[in-house]
1. Just one of A233, A272 is in contact (Cβ under 8 Å) with a residue 40 or more places away in the chain, buried (at least 16 other Cβ atoms within 10 Å of the Cβ), outside the structural domain of P158 (by TED's automatic domain parsing) and assigned to a helix (DSSP H, G or I); which is it?
2. Given the condition in contact (Cβ under 8 Å) with a residue 40 or more places away in the chain, closer than 14 Å to N12 by Cβ and assigned by TED's automatic domain parsing to the domain that holds D179, answer yes or no: does some residue in segment 66-76 qualify?
3. If you go through segment 105-119 one residue at a time, do you hit one that is surrounded by 14 or more Cβ atoms within 10 Å (Cβ to Cβ), in contact with a Pro (Cβ under 9 Å, 6 or more places away or on another chain) and at pLDDT below 95?
4. Specify the residue that is nearest to P134 (Cα to Cα); the eligible residues are those in segment 241-251 that are at pLDDT 95 or above and assigned to a helix (DSSP H, G or I).
5. Looking at G155, G171, G185, which is the one that is under 21 Å from N87 (Cα atoms), without any contact (Cβ under 8 Å) to a residue 24 or more places away in the chain and in a loop (DSSP other than H, G, I, E, B)?
6. Which of the residues that make up segment 44-62 are touching a strand residue (DSSP E or B) at 6+ places or on another chain (Cβ under 9 Å) and of a type outside the set (V, I, T)?
7. Taking Y209 as meeting all but one of (1) within 16 Å of the chain's Cα centre (by Cα); (2) closer than 30 Å to L107 by Cα; (3) at pLDDT 95 or above, write down the number of the exception.
8. Identify, from the list L286, L263, the residue that is more than 17 Å from the chain's Cα centre (by Cα), in a helix (DSSP H, G or I), more than 26 Å from L200 (Cβ to Cβ) and at pLDDT below 95.
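The values are calculated or read from the model by the stated rules, or taken from the named source; none is laboratory data. For clarity, every value in this text was computed on a predicted model and none was experimentally measured. Here the Cβ positions follow ideal geometry from the backbone for every residue, glycine too, while neighbour counts run over all protein chains shown.
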Amino acid sequence: MPEVSIIIVCMNRPDNLYPCLESIRRHTTVSYECLVVAYLYNKEALARAREDFPWVRFIESDEVRGFSENNNLALREAKGRFCFVLNDDTEFHEPVIDTLLADFYALPEDAAIVSPKLLNADGSLQLCGRPPYPAYRYALQQWHLYSEPIDNVSGKTPLCGHLYRSWNITGACFLIKRDVFEKLGWFDERYFFTPEDLALGTLACEKGYSLWVDAAVAITHRWKTTASRISTAVRPAAIKGSLIFFGRSSRVAKFALSLCVWLAEYTKYLKACLRCRLHPSPENELKRQVFRNNSREVFSRLTPKQIFIKYFRHA
């Protein structure tokens, strides 16, 4: 039985997957298995990947599925004592998994998840720990009145040396006890791209588990390279998922939040229309389409997955 099961979802991006897998092999010494969900993958590219990485188990996913569904395909087959969920657009430059696994021996018994800090490709800090993220902050963010801090540990007291309490996680990279993950029901498949990581972290805290970040170990995350290509489908699905999550307390709260978000997205759409008239460009037209789709789907009865499928066909 391996110590760690590494779970990666890759949407037909060998240019992301190859450096990621090579860095794992180069910087990991603990026993592990690696399961890659090949999502809507080109058959020739998948055959080549199987030849190039015989130590990886590839799971084909040829239907339209979201982040949660794809990860759960592999998670339900994972054998390790821990699961390491990882984006394909990441890369190791140090023994990340080894370090995070060792951290659990210094953490309290209720510790369920530990994450590294994330760096941008240029080495700058992308994220280190996440604070509580209530609904009002999400609403403010839609109006550009709040930005989640990228550094949530500076000035705080660590548990020991470099381990800090966190209140949320990012789906890009985290190590979790497998038995805890299973008790929590894996990822919530109601969501498509967002906010399954916030939903998981919130549920873990509600169940009495603690979340942690190791500020001394880092992983490079080259984000926005895949989702941006299909943003006209991803963004409205993400907004619908966020409204389900942040409006879960009551129908009144969900309606109030939905109205706030609709006003924000429709305002952005009107501005985008004006920019397209004054400065026509493919980039401005893409933004116009994104904000149009966002505002259209805020009050729709479609699920995040149905919304994604609706717009993905034309993306």
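1. On the way: A272 fails: in contact (Cβ under 8 Å) with a residue 40 or more places away in the chain.
A233 is the lone residue from the list that is in contact (Cβ under 8 Å) with a residue 40 or more places away in the chain, buried (at least 16 other Cβ atoms within 10 Å of the Cβ), outside the structural domain of P158 (by TED's automatic domain parsing) and assigned to a helix (DSSP H, G or I).
2. Filtering segment 66-76 down to residues in contact (Cβ under 8 Å) with a residue 40 or more places away in the chain leaves 66-72, 74-76.
The next check asks that each one be closer than 14 Å to N12 by Cβ; those that pass are 70.
Now restrict to residues that are assigned by TED's automatic domain parsing to the domain that holds D179: 70.
Yes, segment 66-76 has at least one match.
3. Let us first name the residues in segment 105-119 that are surrounded by 14 or more Cβ atoms within 10 Å (Cβ to Cβ), namely 106-107, 111-119.
Checking the rest, the ones that are also in contact with a Pro (Cβ under 9 Å, 6 or more places away or on another chain) come to none.
For segment 105-119, residues surrounded by 14 or more Cβ atoms within 10 Å (Cβ to Cβ), in contact with a Pro (Cβ under 9 Å, 6 or more places away or on another chain) and at pLDDT below 95: absent.
4. So in segment 241-251, the residues at pLDDT 95 or above come out as 241-247.
Next, from what is left, pick out any that are assigned to a helix (DSSP H, G or I): 241-246.
Working: G241: 15, S242: 11, L243: 12, I244: 13, F245: 10, F246: 7 Å.
Looking at the filtered set, the residue picked out is F246.
5. G185
6. The initial filter retains those residues of segment 44-62 that are touching a strand residue (DSSP E or B) at 6+ places or on another chain (Cβ under 9 Å), namely 45-46, 49-50, 53, 55-62.
A45, L46, A49, R50, F53, W55, R57, F58, E60, S61, D62, listed by residue number.
7. (1)
8. On the way: L263 fails: at pLDDT below 95.
Within the list L286, L263, the selection yields L286.
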